[in-house]
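Shown next, in structure tokens, is the structure this report addresses.
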Amino acid sequence: MNKFSAIIFVILIAACVCPAVTSKIVKHRTIDDFTNGKTESTIITSRGTISLAQATQTLADDFNDAWTINSVAAKDDTMFIGTSPNGKIFKYKDNKIICIYPQEKNQEPNSPAANARTHLANEHIFKLAFDHNGNLLAAVSGEKGKLIRYNGKTFDTIFESNDSPYIFAIAFDKSDNIILGTGPKGKIWQLDPKGANPQLIYACQDKNVLSLAIGSDNFIYAGTDTRGLVYKINPQNKTASVLYDSQENEINDLLFDRNGNLYAAATSYKSIKAQLRGAPVMKKPLSFGKPEESENDEEPSEESAARQSESLKISNTPAEESFESKPMPAELERARPSSASHIYKIDPNGFVTDVFSLNAVFFKMLLRNDQILLGTGNKAELFSVNPNTETEALFYEDPQASQITDITKFGSDAVFATANPPKLIKLKSEFAETGNFQSALIDAGQPAMWGKLQIDADIPSDTQVYLSARSGNVGDINDPTFSSWSQPVKITGPVDLAVPLARFCQYKLILNGSNNNSPVVREVAAAYVIPNLAPKVTDITVRRTEKKSDPGLFKLDYKADDENRDRLLYNIEYRMKGRKLWIELAKDVDKPVFDWDSKTAEDGIYEFKVTASDKLNNNIDTALTGSRISNPVIVDNTAPAVEKHQLKISDSSAILNLKISDRLSTINNLAYTIDSNENWINVLPDDNVFDTENESFTIKTQDLKPGPHIIAVRISDSVDNTMYRTFEIEIK
């Protein structure tokens, strides 16, 4: 097997960029990363891989006044298409489509086909099928429910019921009996292989039987609306049990796989509203790893392995930064379901597993190669679900239609039908010749130089992957100022993005395949570098600490940002306000905090400047700095002073008048004690408010004993600078 592994480490950036600047790498490798982009003939799986979608071909889109294709039945090289609202049946063969029902030309006057010309405008062909003789059966819903048979020339009515005007489903048991699911009374009918002898097999409490499947036990499995039940019905004794009670409202389709597992497509009424609000979102429980794969799942054969020529790898890098709903009878009320619809897997023992969910309306399933193809609305999307490998993929999205309503096999291909507008589309077994994936915008945050793009991918020798890219400075992907897409370059290793310097970049992967092979891209890594930008000091806080043991200590806290995420060093300087020269306090500090002992400086008003440098990640020529100056800070390590005092003695009392001043801080406290008494007495200023640097106080003492005394005064400013002063007095 010719195979090589490309290991890349160097991210090449334009020569003008400093080599010390660290490159940044954005990686896309999950479904969430890729689903924000745009696919064209490519698919994204739940494992986060991109590959070519299967080729599609529109076979027919001219269905006269039909709005919806409800059912498609294929036999050999011919397909029949049932539509609404005018109940028409079309035949497709040899790339031509004709309306065969109602027949309006070359018919006998009293023939059933001629009478069909009077069909009601609101007739619907909800289901088509082939009986054991290969004749087409069509379920006509309207004022009456009818089952008509087409022998290749004319239509004959073989069943008619006023009680069951809607026929939603047709199935065949092992004896070729015809089973019908009807509404609005939830009845299941059985006809013999010739379409005669109708029998009522079961009547559900639910209004409509929307889907039918026949098990290997020949039991009838029926899906209903309103309560979203799956019934298991014994046609022999006409009894039923509920196999599964879903939380959704409708079971729109049922199918069995070869192992006897039953799959039920359950749709919630809320999913219709959810679809109208926005894009679908896959709802999948978080899981790690993947199930063990069977031999047929993903292991390449020897032949395919021989064709595989390249397996590209990405260098190891650091972690990157339907009917109108009717009111529910009271006896059938239940909990309100969520907005997601689900596919449930019910194994032969009745154990239920949720294998897929989505905010969408589920219409039809088709089992092909162990994968379930699922048609949804209201965005006309076709999904592939592999229950064994727990992988899902969006196979197809129709930009014009609203729903994918039916899927059927057509030879080795599959054919699906859309509604609003109606189209018949073939899903081929081979891959599309080419397709592309356009990423969402990658945001560098600043104008950046974009380096190389790498992919982790398997590229068979007969396939290729090309890269094209563009850039711009607007976060709108449709803005006309974006650069033109670069010329596509084949990816055989790291490839230059080759776009102008800009904040946003978008890449496009162009996948070219062959009939049997497609490249598979698992991961994409794009590198960019922002030219060195100066760091920014965004905040400085200077405050005196509250340590009583060191009252002159100031703490500086500062913050800085660097767009390049460079490591920063800080220089700290100070000066007295009004002076020009800055005095260096510290150099190359690597922490965003610094302590300063203000007792090493005279009292005054100071400013501090913090300068951040990114020189650790840049050379001497490209290193840049950014600075910020703090708000003015008062440094006051001097206690208040007694500017003036006056002492008066009268009998056994003394009056002490004081005028106190402080150069920088407000007077905050004055207290006195007599003869060293441990109890200090607080005194308010004469104006009763501590609010200025100058205050006047009056201390009055009474009942002093004769003899000498000492009045001790303690005075503090607002930063707790404290002084003591004593005054001697003598009482005669």
Next item on the list: Enter the accessible area of Val352 (Å², nearest 10), with the probe set to 1.4 Å and all protein chains included.
Entry: 40
Notebook entry, point to check: So for the chain, taking the charge dipole from beta-carbon charges (+1 Lys/Arg, -1 Asp/Glu), which of Ala171, Leu441, Ile158 sits furthest toward the positive end?
Noted result: Ile158
Check: Which value, in Å², gives the accessible area per residue of the range 548-707 when a 1.4 Å probe is used on the protein heavy atoms?
Finding: 59
Check: Could you give the alpha-carbon Rg of the range 429-549 over 2.2 N^0.38 Å, rounded to two decimals?
Finding: 1.58
Check: Counting Lys and Arg as +1 and Asp and Glu as -1, each charge on the Cβ, what is the dipole of the range 601-680 about the Cα centre in debye, to the nearest 20?
Finding: 220
Next item on the list: Net charge near Arg567: determine it from the other residues with C-beta under 10 Å of the C-beta of Arg567, scoring Lys and Arg +1 and Asp and Glu -1.
Entry: -2
Item checked: Radius, Kirkwood style, for the range 658-732 when every pair of distinct Cα atoms is counted (Å) -> 13.1
Checklist line | Cα centre as origin, Lys/Arg/Asp/Glu Cβ charges: the range 581-730 dipole, Debye | finding: 60
Margin query: With unit charges on the beta carbons (Lys and Arg positive, Asp and Glu negative) and the dipole taken about the Cα centre of the chain, which residue among Ile97, Ile629, Ile233 sits farthest to the positive side?
Written below: Ile97
Next item on the list: Write down the accessible area per residue of the range 137-187 in Å², having rolled a 1.4 Å probe over the full set of protein chains.
Entry: 37
Checklist line | Burial ranking of peptide ranges 635-643, 507-515 (average Cβ count within 10 Å, highest at the top) | finding: 507-515, 635-643
Item checked: Å² per residue, accessible surface of the range 433-515 at 1.4 Å -> 40
Checklist line | Heavy-atom accessible area order for Glu430, Glu392, Glu546, largest first, 1.4 Å probe | finding: Glu546, Glu430, Glu392
Note to self: Which one, Val589, Ser653, Thr701, projects farthest toward the positive side of the charge dipole computed for the chain from Cβ point charges (K/R +1, D/E -1)?
What the structure shows: Val589
Note to self: Among (1) 278; (2) 263; (3) 177, only one was calculated for this model; which label is it, if the read-out is volume of the Cα convex hull per residue in Å³?
What the structure shows: (1)
Item checked: Selection of GluC sites (Glu not before Pro), the range 674-731, meeting DSSP coil and at most 13 other Cβ within 10 Å -> Glu678
Margin query: What figure, in Å² to the nearest 10, do you get for the accessible area of Ser51 with a 1.4 Å probe and non-protein molecules left out?
Written below: 20
Notebook entry, point to check: Tell me, what HN-Hα J-couplings in whole Hz come from the Karplus equation 6.51 cos²θ - 1.76 cosθ + 1.60 at θ = phi - 60° for each residue of the range 394-402, using x for Gly and Pro?
Noted result: 8, 7, 7, 9, 8, x, 9, 7, 10
Margin query: Testing the spin-label approximation: label points 7 Å from Cα along Cα→Cβ at Lys38 and Lys93. State their distance in nm.
Written below: 4.3
Item checked: DSSP-loop trypsin sites (Lys or Arg not before Pro) across the range 513-609, with at most 10 other Cβ within 10 angstrom -> Lys547, Lys548, Lys580
Next item on the list: Let me know the whole percent of all Cα-Cα pairs from the range 193-235 that are separated by more than 11 Å.
Entry: 67
Check: Heavy-atom accessible area of His124 with all protein chains present, probe 1.4 Å, nearest 10 Å²?
Finding: 40
Item checked: Accessible carbon and sulfur surface of the chain relative to its total accessible area, %, 1.4 Å -> 46
Check: How large is the dipole of the chain about the Cα centre if only Lys and Arg carry +1 and Asp and Glu carry -1, each at its Cβ, rounded to the nearest 20 debye?
Finding: 1060
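The values are calculated or read from the model by the stated rules, or taken from the named source; none is laboratory data. Here the structure is a predicted model, which means the values were calculated and not measured. With ideal geometry, Cβ positions are generated from the backbone for all residues, glycine too; neighbour counts draw on all protein chains shown. What goes into the accessible areas is simple: the full protein's heavy atoms, side chains included, and nothing from ligands, DNA or RNA. Shrake-Rupley method; radii C 1.70, N 1.55, O 1.52, S 1.80 Å.
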